[in-house]
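Read the figures in this text as sums done on the coordinates, not as results from a lab. Here the structure is a predicted model, which is why all the values come from computation and not from measurement. Here the Cβ positions follow ideal geometry from the backbone for every residue, glycine too, while neighbour counts run over all protein chains shown.
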Amino acid sequence: MKRVLQQKWVNLAFGVLVAAGIVGFALRSAAENQPAAGGSPGPAVQSAQAAPSPAAQPAQSTAAESAQSPAAEEKPAFRPRLPMYYAKVVDQKQRQAIYEIQRKYQAQIAELEKQLQKLIAQRDAEIEGVLTPEQRAEVEKLRQEAADRRAAKSSAKASAGEPTGSN
């Protein structure tokens, strides 16, 4: 159980690092494509400003809706935590210093996570735009079936008295 939790923290940390890299790349790319004083935007901005095709418009709302889950909207307040294995080696002063560092970066990380979610939703919308209406309907059907299976599995665990966590 402890090893599973450790692996989840490693995966989360890696995900945050990757997200920060992706967002940093996107921000640098956007900055490079900013118009000069009175100039026109770069080619990447011009292509991004192009109107989406009518087939892609329904997919955009679907992808954006799927990216916005109730859990994402109701984030708990920031709670600083020590990195793995630090609790046994740091004193109280160091612990507080670590917490302050985490607080210092929390707002910036939260903003980058929002930007990452927006980029993911945009990517997913473009991907869904490739599908035909029949394919989109089939994908939605498969998603619903998977959600139904998860709900059934979760309720079966709850009735058996097992914890419903993702472990």
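Once the piece of chain linking D91 and K157 is laid out straight, how much longer is it, given 0.36 nm per residue of separation minus the C-alpha distance between them?
Roughly 19.7 nm would be gained on extension.
Testing the spin-label approximation: label points 7 Å from Cα along Cα→Cβ at Y105 and R81. State their distance in nm.
1.5
Along the range 89-96, what does the Karplus equation 6.51 cos²θ - 1.76 cosθ + 1.60 (θ = phi - 60°) give for ³J(HN,Hα), rounded to whole Hz, x for Gly and Pro?
10, 9, 8, 5, 5, 5, 4, 5
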